[in-house]
1. Please give the Cα centre distance for the range 84-121 versus the range 4-43, rounded to the nearest Å.
2. Ordered by packing density, taken as the mean number of other Cβ atoms within 10 Å over each peptide's residues, highest first, how do 4-17, 98-111, 23-36 rank?
3. When the chain is fully extended, how far beyond the present Cα-Cα distance does GLU108 get from ASN49, taking 0.36 nm per residue of separation?
4. Any idea what angle helix 107-119 forms with the longest principal axis of the chain, computed on alpha-carbon atoms, 0 to 90 degrees, nearest 10?
5. Run through every distinct alpha carbon pair of the chain and return the Kirkwood hydrodynamic radius in angstroms, one decimal place.
6. In degrees between 0 and 90, to the nearest 10, how far off the longest principal axis of the chain does helix 50-62 point, with axes built from Cα atoms?
7. Check the straight Cα-Cα distances from LYS55 and name the aspartates and glutamates below 14 Å, setting aside those fewer than 8 residues away within the same chain.
8. Roughly how many nanometres apart are two label points built 7 Å out from the Cα toward the Cβ at VAL11 and GLU120?
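A short reminder: the numbers here are calculations on the coordinates, not readings from a lab. Since this is a predicted model, take the numbers as computed values, not measurements. All Cβ positions, glycine included, derive from the backbone under ideal geometry; neighbour counts span all protein chains shown.
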Amino acid sequence: MLLKLDFGSDVPIYTQIRNQIVLGIARGELAPGEKLPTVRALAEECGVNMMTVSKAYQLLKQEGHITADRRSGTVVAAPAGRPGPSKETVEDLRLRLGELRLAGMDEEQVLDLCRKLYEEGTE
């Protein structure tokens, strides 16, 4: 699994890992049932502490994006196993929509942008 981490970013590394895995699932790059690297393997590959990867995996597990089992390892969860968006996600979206409105975009422009991004696989 190849992740692009920005060590100079204000976004914590564990959040960057979490976000890239979520986007990989959303784009279909990571399929339901697909096995993810172990915490140790991903930490070594990314050049980060194992606790950083563990924290990202814990978030993904809490959010229902992955499941973990000692025998089968960490795998991408089936779509039915994922809950709807969290309150935090909805509030983040609300903030971003407000920013787009303040930038002068009308409803149709925002919806067009959302459609385009959705079709691109949330790149």
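1. Computed from Cα coordinates, the inter-centre distance equals 23 Å.
2. Top to bottom by mean Cβ count within 10 Å: 23-36, 4-17, 98-111.
3. Residue separation times 0.36 nm, minus the Cα-Cα distance, leaves 16.8 nm.
4. Approximately 30 degrees, to the nearest 10.
5. 16.0 Å
6. Helix 50-62 sits at roughly 60 degrees to that axis.
7. Correct list for LYS55: GLU63.
8. 1.4 nm
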